[in-house]
Structure formats: C-alpha cells, structure tokens
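Some notes on the structure that comes next.
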Amino acid sequence: MNTPTPPPEAPRFLDFDVEALAAHGDALEAAYDGRLTGLVVRRALPAELVARAAAALQGSTAWTSPNQGMRGGEIRTIGDAATPTFTHLRGPPDDLYAQSAAAHAERTAAIFGDGDTALATVRRLLSTLAGGRPAAPPAFDERLTWPAFNFRALDPGEQIFAHHDNHFGLGVYRHMPLDLDRSTLLSFFFTLQAPESGGELVVYGVRGDDPAVPRLPSRFLDTATIEAHYPAARLALGAGDLLVFDAGRMVHRVAPVEGARARLTFGGFMTLSTDRSRLAFWG
Ligand SMILES: O=C(O)CCC(=O)C(=O)O
Ligand SMILES: [Fe+2]
C-alpha cells in the first residue's frame, strides 16, 4: 500500500546573534509547534566560559564511550544520555542514570569552574527563547532532578548517524513528571569547540516517523538516498553558539569531523508542560 506523504519542505532556521535574543521570545514555541525547524543563537555563551570548559574537557578523565564498537559513530560523553546507545539499546538503566544525575552538579562545576553560573546562563537563555517561561530540569525522584545536559566529543572521523530523537518510550522516562508534554521534543546544544572542518548539523526536510523515509535493509536510515531526495539545512556552528531544533520530529545527523581537533558540545532535550506554563530540559 502506498502511503501518501506531504511534499518535502525545506527546513527553516532563524539565525541571530545573542544581542538580538530578546526579540526572539516566540522562537522556541514556533519550533515546538513546527512553524520553524529551529534556531541558532550565535555567541550565546561568553568566550571565557567556553574556552575554560573546552580546556577542562580536553584534560578530563570522566569521558565514557557509550557507542564503543559502532564504527564511525563512537561518540564520547560525560554524563549518561537519556537516549539509546550501542551499550544500552533501550536507553540507560534507571540506576545508572540516577547515578549520573547525582553526579551532575559536581561534574559541571569541574568543567565550567562555576557550575551554578553556567547552569543559570543556560536556564536564562532557554527561558528567554521561551518567552520568559521558567526553564529548569524536572524532578527525577524525591531526591534528584534530571541532569541538565551532558557533554559530547566527536573525535576526527567520527559522526552522529542520521536519526530523530523520539525517546519518551525509553524506560528511564518513567521518571518524567506527568504534566510534561510528550508529543514533542526539541534538542538543544552548545558548541564548546568547533572542529577544523566537518561536524556540521544536517537537518533534513523529512520526519523520522514518515513511512516513506528511505531506509536500508538493516532498517537504519538511508542517508545517501535521503540526501538525494530531501532538502536539507547544513549548520556550521562556532564556539559559544546555541542550537535549538525540532529533533523529535526531523531526521538529522552530525557530519564526520575533519581535521585534527575534536568537536565538543554539551546539550540535551526539552519539552513544555502540557499547560505550556514552563519549559523542562534534561541531558
Ligand atoms: O551535536 C550534538 O551534541 C547533538 C546533535 C543531535 O543529534 C541533537 O542535538 O539531537
Ligand atoms: Fe539528535
């Protein structure tokens, strides 16, 4: 049976400097409602904060390799992500993720020097993009909140293969408060170190749940065919830039990193409460 699909639509991104942030209080909701694919806030983080974190990450011994054995996709992370990985195909076990949540504040402090200020900066930026709604990690259990974000490194030659981030079905999301809306999920990340070249975020004009999206016999997304048939936005991000986009719906990937330098980012996901009164984000 043929499933009719809407004609491919080119992804639409707003791209503006942090100086213009206050004029974009409706941007996050526009992405949430699918009127916009996403937005880039250039130089969102102060250069000193970025330089300090990039240096600390380079020397850190806290890195783990959750996709070890996945050729070309061996991302390194600090902090477990609430996503499927090669190690945990159905997402992290609850106790592992709880440990990661408990370690988040100390880990963040070690990387930024002042973890509270870094978290406050992220909260303020996301809140402003959400029209002033409060933005914070939600409660995980009686004791913990969800970690605000995790850190990622893509070494030269590594990439993030095409995917969309529909993670609410994973076991760990039993801990997500019920007043949060699961129909939509946006991604955010900050670039702490751009690679020499490559490492762009590529977002395609096709939804991951579209039955017509090209797949390989292995059921993995067929990037070459997607590339040939759908419009794409290719975003090169500099140190300090913030990206927010509709990762829950749209197929996207990170192109292989080229040159000698690793690509360093930190980020996570977000959603609104069902009543739209607050923004919740987690890593
Ligand atoms: O580059 C990153 O840190 C993550 C890219 C991505 O797939 C996402 O933000 O959903
Ligand atoms: Fe993603």
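Measure out, as a whole number of angstrom, how far apart the alpha-carbon centroids of the stretch 53-84 and the stretch 131-184 sit.
16 Å
Enumerate the calculated ³J(HN,Hα) couplings along the stretch 127-136 in order (Karplus 6.51 cos²θ - 1.76 cosθ + 1.60, θ = phi - 60°), each rounded to whole Hz, writing x wherever the residue is Gly or Pro.
Couplings: 4, 4, 5, 9, x, x, 4, x, 10, 7 Hz.
Pop the C-beta distance of L216 and S183 into the FRET formula with R0 = 22 Å and round what comes out to the nearest 0.05.
Working: r = 28 Å, r/R0 = 1.29.
Once rounded, the FRET efficiency stands at 0.20.
Where in the stretch 84-144 are there trypsin sites (Lys or Arg not before Pro) that are in a DSSP coil and have at most 11 other Cβ atoms within 10 angstrom of their Cβ? Write out the running numbers ahead of the final one.
Values: sites: R90, R107, R123, R124, R143; in loops: R90, R143.
Listed in order of number, the matching sites are R90, R143.
Which whole-Hz couplings ³J(HN,Hα) result when phi for each residue of the stretch 78-87 is put into the Karplus expression 6.51 cos²θ - 1.76 cosθ + 1.60, θ = phi - 60°, listed in order with x for Gly and Pro?
Per residue, the Karplus-derived 3J(HN,Hα) values read 10, x, 6, 8, 8, 9, x, 10, 4, 6 Hz.
Could you give the dipole magnitude of the chain about its Cα centre, charging the beta-carbon of Lys and Arg +1 and that of Asp and Glu -1, in debye to the nearest 20? Walk me through the numbers before you get to the answer.
Working: 26 positive and 32 negative charges, 36 e Å.
Around 180 debye, computed over the chain.
Quick one: longest stretch of the chain between exposed loop chymotrypsin sites (Phe, Trp or Tyr not before Pro), exposed meaning at most 13 other C-beta atoms within 10 Å and loop per DSSP?
Longest stretch, sites excluded: 64-219.
Report, in debye and to the nearest 20, how large the dipole of the stretch 220-267 comes out about its Cα centre when Lys and Arg carry +1 and Asp and Glu carry -1 on their Cβ. Intermediate results must be reported in sequence, preceding the final value.
Numbers: 5 positive and 5 negative charges, 24 e Å.
It works out to roughly 120 debye.
Step through the residues of the stretch 204-219 one at a time and calculate ³J(HN,Hα) from phi using the Karplus curve (6.51 cos²θ - 1.76 cosθ + 1.60, θ = phi - 60°), rounding each to whole Hz and writing x for Gly and Pro.
Per-residue couplings from phi come out as 9, x, 8, 7, x, 9, 5, x, 8, 5, x, 10, 7, x, 6, 6 Hz.
From Cα pairs below 8 angstrom and at least 6 apart in sequence, can you work out the relative contact order of the chain, rounded to a whole percent?
Working: 627 pairs, mean separation 77.7, N = 283.
With pairs under 8 Å counted, the relative contact order is 27 percent.
Considering only DSSP beta bridges with both partners in the chain, what is the antiparallel share in %, to the nearest 5?
Working: 43 of 50 bridges.
About 85 percent, rounded to the nearest 5.
What does the helix-only formula give at 222 nm for the chain: each DSSP H stretch with n ≥ 4 adding -39500 (n - 2.57), the total divided by the residues, and the result rounded to the nearest 500 deg cm²/dmol? Could the numbers behind the result be given before it?
On the way: 5 runs with 60 residues, N = 283.
Estimated from H runs of four or more residues: -6500 deg cm²/dmol.
Considering amide H positions built from the backbone, and no H for Pro or chain starts, which residues 5 or more places from A239, or on another chain, come under 5 Å of its amide H?
Those qualifying (amide H under 5 Å, at least 5 residues apart or on another chain) are A194.
Computed from the coordinates by the stated procedures, all read-outs in this text should not be read as laboratory data. None of these values were measured; they are calculated from a predicted model. All Cβ positions, even for glycine, are placed from backbone atoms using ideal geometry, and neighbour counts span all protein chains on display.
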